[in-house]
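The values are calculated or read from the model by the stated rules, or taken from the named source; none is laboratory data. These numbers come from a predicted model, not from an experiment. A quick note on method: Cβ atoms are made from the backbone with ideal geometry, for glycine too, and the neighbour counts reach across all protein chains shown. What goes into the accessible areas is simple: the full protein's heavy atoms, side chains included, and nothing from ligands, DNA or RNA. Shrake-Rupley method; radii C 1.70, N 1.55, O 1.52, S 1.80 Å.
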Amino acid sequence: MSFWRRPFSNRQGDTAEAEERGRQEALNNNTAEFSDGSAYYVVAKAGNDSEVSYQDAIGAPIEVDSPLGYAVGPITIIFLNISKMIGTGIFSTPSSILNGTGSIGLSLIYWALGFLTSITAFSVYLEFASYFPNRSGSEVVYLEQAFPRPKWLFPTAFAFQSVVLSFSSGNAIVFAQYLFAIGTHDPTAWELKGVAIAGYTLAVLLVALNTKYAYWFSNGIGVIKVLTLLFITFTGFVVLGGHTSIENPKENFRNSFEGKATPYGMTNALYKIIFSYAGFENAFNVVNEVKNPVKQIRKNGIIALLAVTALYILTIIAYYAAIPKLDIMEASQVTATLFFNNVFGSSRASRGLNVLIAFSALGNLIAVLLGTSRIIRECGRLVDILHSGLD
């Protein structure tokens, strides 16, 4: 058992006294160390107003003062999560989720179920953040501290996965696809890749050149995303009120559980739901840039998750009010395009929607890069410690 980390709760006698001495020294001098007889621990009080924290000394050193500043406030926390959660999923996945669940009623339950799966995972992240409130990078830090022995095994494997197997480039492809969809030009594969690379480069430059402005830009696009879903929601209310050319807008809500679901379809639909809510954890990647991080992320992270859940469910209801069930299930276009075509009946409306989805994809890309850059930075700090140890 001594091969792995011994829990703090097993410390007694001299170890508890050493821990308290380390805590007092950390309060006076920001950092201190103590040992429980089998390992050394660092005690630190960081500049982000977090409580004194403990971590295994094997890990990357605690940054008492964040070199990236403390620009992450309540609004940024909310929109960091919202911008990552609201990507292209709400515009494109409703068709496959309805196919998987088989009925309108069950699909709505699934969209609500996404909140439950996300809030439980959010609680786990919050628990880890309360242990390490002065370390950005979320998963890489939690793995580093949960499995400090064998040295650097788990965080190094995670660093490899984060850098080599990153799939955030997919957002750039989606961004390029919707940019071309605004016009009438059918792009070649190389044209699509070129625009995707340009979009990705733009997002990287925005994140790299100025931290504060990157957050502002991300917040701005997050506002556009929220307004887009609100527009669809209010349009859905108008449709349900019978003030458009849509016939029988309440038809889908009669016998709403009529339909057949298969185990594979329900499992696949749940996977798509979880994917649509991915991003609730993004603010945990910038913990060390948040003043009083545990309290702020707990409150504002839950606000973001509740807001997205409400917007998702209301948007889905708007889709179901304007589009017949069979059309959604057999759709070759994204569900949002069908919605705009049915309600507004013009190609211009579809082009306008493509602009909004392109902005949504770009905002998602920036939000992902803001979080991922902190993970990679923390991996780099770990590698630096590894090299120092080898020297």
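Worth a mention:
- Computed from the C-alpha gyration tensor, the three semi-axes of the ellipsoid equivalent to the stretch 184-266 are 39, 21, 17 Å, from longest to shortest.
- When the GluC sites (Glu not before Pro) in the stretch 217-295 are filtered for DSSP coil states and for at most 14 other beta-carbon atoms within 10 Å of their beta-carbon, the remaining sites are Glu247, Glu258.
- Bins of 10 Å, starting at 0 and running to the largest distance - Cα pair percent for the stretch 162-218: 22, 42, 30, 6
- Accessible surface of Lys84 - all protein chains present, 1.4 Å probe, nearest 10 Å²: 40 Å²
- Taking the stretch 223-327 and dividing mean pair separation by its residue count, relative contact order in percent (alpha carbons under 8 Å, at least six apart): 58 percent
- The chymotrypsin sites (Phe, Trp or Tyr not before Pro) of the stretch 91-198 that DSSP puts in a loop, and whose beta carbon has at most 14 other beta carbons within 10 Å, are Phe167.
- Entry note: the stretch 56-175 has Rg to Rh equal to 1.04, where both radii use alpha-carbon atoms and Rh is the Kirkwood radius.
- For the stretch 239-304, the list of trypsin sites (Lys or Arg not before Pro) that fall in a loop by DSSP and count at most 16 other C-beta atoms within 10 angstrom reads Lys250, Arg254, Lys260, Lys291.
- Grouping the Cα pair distances of the stretch 293-346 into 5 Å bins from zero gives a pair-distance distribution of 4, 18, 20, 16, 11, 9, 8, 7, 5, 1 percent in increasing distance order.
- Cα-derived Rg over Rh, computed across the stretch 31-126 with Rh taken as Kirkwood radius: 1.19
- Normalised by the number of residues in the stretch 45-163, the mean separation of alpha-carbon contacts (under 8 Å, six or more apart) gives a relative contact order of 35 percent.
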